[in-house]
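Have a look at the structure below, then the notes.
Values in this text are rule-based calculations from the coordinates and carry no lab data. Computed from a predicted model, the values in this text were never measured in an experiment. For neighbour counting, all protein chains shown are included, and Cβ atoms are generated from backbone atoms with ideal geometry for every residue, glycine included.
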């Protein structure tokens, strides 16, 4: 059992990123935490661009900005541990989740994801409700 399972022992460890995504979303419900992630990811992107344009040493700023801001968000606002600490797989999925969340925030679709993306059975229920004529 991984650390992720210990937070909710009724669920099995996710086997794919898409299985992991609802958990990731559930760990980013606080808007200040998400804003910290957005700022950190944006700063990390600028650091990568600056490294290409001016100095490879600036690559060191990318993880500092990205992870530093994310950890502030988790510890100060969300009051949880980043999922990237649980395993290498979760670290990769968390980075991918961060990029997805950044894109959803940039396009102003994260609120919808929070309302509908956390429950892994939501799509199944929506399908059943539409078959039953319930909206």
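Report the relative contact order of segment 24-119, percent, no decimals, based on alpha-carbon pairs under 8 angstrom and at least 6 residues apart.
34
So for 16, 84, fewest C-beta neighbours within 10 Å to most, what's the order?
16, 84
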